[in-house]
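Take a look at the structure set out below.
The values are calculated or read from the model by the stated rules, or taken from the named source; none is laboratory data. Computed from a prediction, not measured in an experiment: that's the story for all the values here. Glycine also receives a Cβ, built like all others from the backbone with ideal geometry; neighbour counts cover every protein chain displayed. The protein model used for the area step is the full one, side chains on, heavy atoms only, and it has no ligands, DNA or RNA in it. Shrake-Rupley method; radii C 1.70, N 1.55, O 1.52, S 1.80 Å.
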Amino acid sequence: MAKIKFTLNNKQVEIEKSPTARLLDILREDFDFTGVKEGCGEGECGACAVLINDQIVNSCIVPLGTVEGKNIVTIEGFSKTKRHEVLRNAFEEEGAVQCGFCTPGMLIASESLLNKNPHPTDEEIKIGLSGNLCRCTGYNMIIKAVKSASKKGDGLW
Amino acid sequence: MKNLTPKTLKETLILLNEGDYKILAGGTDLMIQNRAWSNTLPKFNKDILLVFNLPELKYITLEDDCLHIGSTMTLEELLYHKLTPKLLVEAIKIMASPAIRNMATLGGNIGNASPAGDSLPVLYILNAIVVIESIERTRELPIEDLIIGPGKKTIQKNEIIKEIKIPMSNFTSIRFDKVGGRKADAISKISFAGVAKVKNNTIQDFRVSFGAVGPTVVRNKELEANVIGLTVDDMKVNIQEILNEFGNFIRPIDDQRSNKEYRKTVAINLLKSFILSL
Amino acid sequence: MKDISSSVRKVDSIIKMSGVAQYVDDIKISGMLYAKTVRSTKVKAIIKNIIIPELPSGYHTVDHSDIPGKNVVSIIFDDMPVFAEKEVKYYGEPIMLVVGEDKDVITDIISNIEIEYQEQTPVFEKIKSAINYHFVKGDSNKAFKNAKKIIKYDYETGYQEQLYIEPQGMIGEIENNKVTLTGSIQCPYYVKNAVKVVLDANDDEVRVKQAVVGGAFGGKEEFPSLMACELAVALRKIKKPIKLIYEREEDMQVTTKRHPAWIHMEAAINEFNEIDGLTAKAAIDAGASIGLSGVVLARALIASTGAYTIENIEVDGDVFLTNTVPNGAFRGFGAPQMLFAVEMFIHHIAKELDIDPLELRLKYLAKQGDATSTRGKFRDPIIMNDMIKKAMEMSDYKNKVKAYEEEGTYKGIGMSWFLHGCGFTGSGEADHIKALVKLEKGADDKVTILIAAVDMGQGIQTTMKKIVSHILNIPLDQIIYNKPDTDLVPDSGPTVASRTIMIVGGLVARAAKQLKEKWEDGKQIVVSERYKQPEYIKWDEDNFIGDAYPAYSWGVNIVEVEVCPVTYQVTLVGIWSVYDVGKAIDERIVMGQADGGILQGVGYGYLEVMRNENGRIVHKNVTDYIIPTTGDTPPMETFLIDNPYPLGPYGAKGAGELTLVGGAPAVALAIENAINKKVTRIPVTPEYIMELMKNG
Ligand SMILES: Cc1cc2nc3c(=O)[nH]c(=O)nc-3n(C[C@H](O)[C@H](O)[C@H](O)COP(=O)(O)OP(=O)(O)OC[C@H]3O[C@@H](n4cnc5c(N)ncnc54)[C@H](O)[C@@H]3O)c2cc1C
Ligand code: FES
Ligand code: FES
């Protein structure tokens, strides 16, 4: 057990847990951020993606102890931002959401990508989202949505 | 369980010296290998030391013609760093996914000692030296002497991988090929790394290595030495013989990802394609 | 008013994008316990004895002895027990649940349960036929007797895993003596009916609700009934809320998959190089229980001439039982296996006869008025000629296919033609389902759609509302369509077989028209409609004679690839599709189905490897079972051609499965074109390509 402090969706939080606990479990069970999904538990699908210091990680394999002092944003926190609004509109307009289980992770991956590269090419989008599996959409509309968000949200990233 | 998050390297070394700990860096191998039912703790059979955030292990510097990479540098940090050798960048580019690369460390890829670890073929042919530290001493080992089998390393339980040293060299050709089950985010069925220096149509340096075709990365310095001094044309004329010689050392296995015939054939094809590109 | 096809924003996107949509694992009930399944570690064995350690208070085991009713999961073929009793027939078969509050304690209990088995010799070969179907059209015997040449090929298809990104899950509680289950499910009434049998319960003692479903693809058609039955027994015993969520590896090892299939094709060629007769003999591997396999086989067999009309055919097929995980529903339902064989075979015939495949195919392409494989009739217009033309233009097929035949280009292009029967096979709709839908208008003039259809991503919530909105001329937000709850909605049938828009949507449209006629502002009105089979549709279930489906959707897929001569890896270069789904209720939604379906179909054809070795699934996690990522996805272009079906709402037919079934043959043909070798099995992996290029 250890006391671990970090920022979660813009709030300072502290929790006493084993440092090897999966960040995913802490977010879903202790903080009730169930927008973070578990699709595989093996780092492969990206459904559990969150941002740590603006970068995407898969929370199912992040040990809690490594987030000490860091800034974590889940889909719940991200959804309150202007950038999410731009991405959200683009995803809706392109039809990029089907069952929605991959969607929080896809949006986090898009945010992380646009953070690094505000004007990605199709190829760069594909690389940026390559760790997020979607079984419904065939990705086509997701790729288009990210592209369109990067245009419409010019200056935001 | 005493799972600890030491704040300094010194503290880490002291702990390592006193107890029996497993070092956990990014956790992208360990957290999965030990995963358990959701919302229960991963089932480690040892106490854990989290070293991911140790400031003393996060650096990349160029000194004395040698690149020094701190062991907890993440793959993503290395991918975007201007000092990272181009060949290593080539390998990292097609490793895992951005989310994994943000956590996965270079030290962890070595520490995991998987024959499919994608940085390894590159580190082998760049003659990387692994710097290992304990409370008592610092020692240096060529990477091929550190990794001796799948998951097996000649590293003591009180030691930590501190850094990876890569001597700077110049090549006229570099190549990294990864053959995975798909275009992105896949474990290698075979990987190949090659570097060469050709001057006046003569081979001055030639190194190749293969991943996932044996218990460890396959590199054969003797065979490499045999081609040094040959002209590129000679090499191409004798290519079949060279391929056969290397082929003798490639003894892959069947597993869920591929089969031995495929692995062997493609490993040789990749070598051939590299030689023909010189 | 806008054309119904013009797209609207999906009604459920916002909650999904902000992370507030509640999937089953997101639901928490206070005092909730967790359940985990104890499974067989043997492939085939007699259970001699089970020793359960002393349980801490608050912890329970639940097994067959706790079942008040019948120990069977009723689906179509009631041959799967809820909990194994005396024997186990596959690795991972459920034996009992362990239930309690603390997951670590549960894990500990499970590791201390000792099960003594007496192992028996398992069957993995195709020797135990459980179902055989056989039918003929015309006189194929004569055709084969008079044949100038007989061409024979064998085709083989592997497993495919649905790999919905949300694993299977169910949560339940007892509410006033009623067992209430909420799950990630496609078919609320399948679940309810199965649970009633197991609990020996009355209709008002079981309630089933849908949680937001994170993908299904058929995988949540019949399988959730098993989990629901287990959980219901536990709920009755323990009387506390319980959650049962599968972990990914568990899900991949024990849930149903697409049946591996072996298909033998023979063609009788006459002196004019015509296909005079055709025989198809199929075998599908059901795994350890029959379940839906007979229905899967039927759909496969009926598709045995694909998009073509062949006068004389003989079709035969078996469902084989083996000691492996039971297989079941998966988008396409038997058709993908058969359409792969048909499309390859017609190309292979053309090659053997040295005829241009396109010419041969066009000659046999089905036309309106032709007899179907089961002597039914293609009653509605078939516009495949236009569709093929369009697809070939979009992709520059003709030029490419010729250019790529040259040795050494390692490029290829392949085109598949296909159809998909909409709705249940045969008389299922009329005899078994008898769908009922209701619309309820409140005093506030809001209209509630009461149906059991589940939105699992395919957009039914949006399209159903659109239908009602268009007919009643009221805005979408005046219409309510909640996730189905069997206490509130009538049984409009399962969400399967591309039937939802055409059949259920058709009924909803009729109900809406009824409501329109009766409309009075401020008044409560309820209307309902029940399915009636059109008179002219006749089906003889025993002999496979008649109209197997009321309507067919049609499609053309073209896939272009490059094969790397060094690594034999395949790169998808482009995908072009043209579909006739009657009329799209929402164009963008159909396009979404198209993109997702084709990538799943193409993945089945070249990428997705799953094997079992000695009865165990080898590719049992997402690392080893490879599905396409963004990196594998090529540019895709889809075109829809309207061809309204008179009985569908606004002319709509089925679209969900159609978009998958042609993917595998298209990519396999593209690879064939690239390497100039005959491909006879899928997935066409690099390992297989190497084998073909070296030997074949
Ligand atoms: C989805 C996914 C995809 C992946 N794809 C790839 C891929 O394409 N290519 C590839 O090569 N790998 C891949 N991996 C594996 C993994 O990401 C890499 O091996 C990574 O580099 C491991 O680093 P880590 O810091 O996470 O290691 P950890 O899991 O923290 O540790 C791995 C091992 O190294 C030891 N170790 C770590 N740091 C040290 C140290 N400083 N001193 C001594 N021992 C140490 C640990 O004790 C442990 O035995 C993938 C993993 C996942 C989950
Ligand atoms: S649940 Fe974390 S990557 Fe799949
Ligand atoms: S929308 Fe269902 S997995 Fe992506």
Cβ crowding within 10 Å averaged over residues, with A:42-50, C:428-436 ranked highest first:
A:42-50, C:428-436
Name the residue from B:G108, B:I174, B:L13 whose Cα lies farthest towards the positive end of the charge dipole of chain B, charges +1 on Cβ of Lys and Arg and -1 on Cβ of Asp and Glu.
B:G108
How big is the dipole moment of region C:314-437 about its Cα centre under a simple scheme where the beta carbon of each Lys and Arg is +1, that of each Asp and Glu is -1, and everything else is neutral? Debye, nearest 20, please.
440 debye
Which percent of the Cα-Cα distances in region C:1-143 go past 23 Å?
61 percent
Of the listed links C:K351/C:K390; B:K2/B:K178; A:K37/C:K257; A:K151/B:K58, those spanning more than 30 angstrom between alpha carbons are B:K2/B:K178; A:K151/B:K58
Give the C-A buried accessible area in Å², both sides summed, 1.4 Å probe, nearest 100.
3900 Å²
Which GluC sites (Glu not before Pro) does region C:48-114 hold that lie in a coil by DSSP with at most 14 other beta carbons within 10 Å?
C:E54, C:E85, C:E101
With the 8 Å Cα cutoff and a minimum separation of six or more residues, region B:192-255 has a relative contact order in percent of 30 percent
For a distance above 21 Å, tell me the whole-number percent of Cα pairs in region C:435-530 that qualify.
21 percent
Normalised by the residues of chain B, what does the relative contact order come to in percent, with Cα pairs under 8 Å and at least six apart?
15 percent
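With each run of n ≥ 4 DSSP H residues scored as -39500 (n - 2.57), what mean residue ellipticity at 222 nm is computed for chain C after dividing by its residue count and rounding to the nearest 500 deg cm²/dmol?
Details: 17 runs with 186 residues, N = 696.
Result for chain C, helices only: -8000 deg cm²/dmol.
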Roughly how big is region A:81-152's charge dipole about its Cα centre, with Cβ charges of +1 (Lys, Arg) and -1 (Asp, Glu), in debye to the nearest 20?
100 debye
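Can you tell me what the convex hull of the Cα atoms of region C:573-695 projects to on average, as an area in nm²?
Numbers: hull surface 39.6 nm².
That works out to 9.9 nm², a quarter of the Cα hull's surface.
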Once you put a point 7 Å from the Cα of B:N200 and another 7 Å from the Cα of C:E271, both along the Cβ direction, what distance in nm separates them?
7.8 nm
Pairs of Cα atoms farther than 29 Å apart, region B:3-167, %:
13 percent
Cα-derived Rg to Rh of region A:81-152, Kirkwood definition
0.90
Mind checking the log10 I(q)/I(0) for region C:553-602 at q = 0.12 Å⁻¹? Debye, one equal scatterer per Cα, no solvent, two decimals.
-0.35
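Order these peptides, B:89-100, C:196-207, by their mean beta-carbon neighbour count within 10 angstrom, highest first.
Numbers: B:89-100: 23.4, C:196-207: 17.0.
Top to bottom by mean Cβ count within 10 Å: B:89-100, C:196-207.
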Of A:K144/C:K653; C:K367/C:K389; B:K22/C:K620; C:K70/C:K237; C:K137/C:K538; C:K149/C:K377, which pairs sit farther than 18 Å apart, going by alpha carbon to alpha carbon?
A:K144/C:K653; B:K22/C:K620; C:K149/C:K377
Round to the nearest 0.05 the FRET efficiency obtained for C:K126 and B:L83 when R0 = 45 Å and r is the Cβ-Cβ distance.
0.15
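Hey, if we sort C:R9, C:R236, B:R101, B:R251 by accessible area with the 1.4 Å probe, largest down, what's the order?
Working: C:R9 100, C:R236 60, B:R101 10, B:R251 160 Å².
Sorted descending by solvent-accessible area, the residues read B:R251, C:R9, C:R236, B:R101.
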Given a Förster distance of 35 Å, the FRET efficiency implied by the Cβ-Cβ spacing of C:M32 and A:K152, rounded to the nearest 0.05, works out to 0.25
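If you take each beta carbon of peptide C:247-260 and count the beta carbons of other chains within 10 angstrom, what is the mean? Provide the component values of the computation, followed by the final result.
On the way: counts 8, 9, 4, 1, 1, 1, 0, 0, 0, 0, 0, 0, 0, 0.
Average per residue, whole number: 2.
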Report the label-to-label distance for C:K518 and C:N473 in nanometres (one decimal), using points 7 Å from each Cα along the Cα→Cβ vector.
2.1 nm
Dimensions (Å) - the protein assembly as shown, Cα atoms, principal axes, largest first:
89, 76, 68
Three principal axis lengths of chain C [C-alpha, angstrom, descending]:
78, 70, 47
Calculated [θ] (222 nm, deg cm²/dmol) that DSSP helices of n ≥ 4 give over chain A, each run adding -39,500 (n - 2.57)
-9500 deg cm²/dmol
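Let me check against my output: what whole-number percent is the relative contact order of region B:3-167, with C-alpha pairs under 8 Å and at least 6 apart?
Values: 298 pairs, mean separation 42.2, N = 165.
Value for region B:3-167: 26 percent.
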Dipole axis of chain C (+1 Lys, Arg; -1 Asp, Glu on Cβ), positive-most option in C:I383, C:L297, C:I413
C:I383
Enumerate the residues in region C:99-141 having an amide nitrogen under 18 Å from the point lying 7 Å beyond the Cα of C:E87 toward its Cβ.
C:116-131
What are the extents of the Cα atoms of region C:607-647 along their three principal axes, in Å, largest first?
50, 31, 12
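So, with +1 on the Cβ of K and R and -1 on the Cβ of D and E, and no other charges, what is the size of the charge dipole of region B:3-167 about its Cα centre, to the nearest 20 debye? Don't jump to the answer; show the numbers that get you there.
Values: 18 positive and 20 negative charges, 99 e Å.
For this selection, approximately 480 debye.
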What spacing in nm lies between the two simple spin-label points modelled at B:S169 and C:E535, each 7 Å away from Cα in the Cβ direction?
8.8 nm
Among the DSSP H helices of chain B, those whose Cα atoms extend at least 20 Å along the helix axis and whose mean Kyte-Doolittle hydropathy is -0.5 or higher are B:260-276
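Peptide A:20-29: average number of partner chain Cβ atoms within 10 Å per residue?
Numbers: counts 16, 5, 9, 2, 2, 4, 1, 0, 5, 3.
Mean partner-chain Cβ count within 10 Å for A:20-29: 5.
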Normalise the Debye intensity by I(0) for region C:198-237, one equal point scatterer per Cα, no solvent, then take log10 at q = 0.18, 0.20, 0.23, 0.31 Å⁻¹ and round to two decimals.
-0.60, -0.72, -0.88, -1.17
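Per-residue mean of other chain beta-carbon atoms within 10 angstrom of the beta-carbon, peptide C:6-18?
On the way: counts 0, 2, 1, 5, 7, 0, 4, 9, 5, 3, 12, 18, 11.
Other-chain Cβ atoms within 10 Å of each residue's Cβ, averaged: 6.
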Distance violations [Cα-Cα > 20 Å] among C:K42/C:K196; C:K44/C:K220; B:K7/B:K162
C:K42/C:K196; C:K44/C:K220
Report Rg(Cα)/(2.2 N^0.38 Å) for region B:173-276, keeping two decimals.
1.08
Helix A:140-152 sits at what angle to the longest principal axis of chain A, using alpha carbons and giving 0 to 90 degrees rounded to 10?
90 degrees
Debye equation applied to the C-alpha atoms of region C:123-271, log10 I(q)/I(0) at 0.10, 0.14 Å⁻¹:
-0.54, -0.77
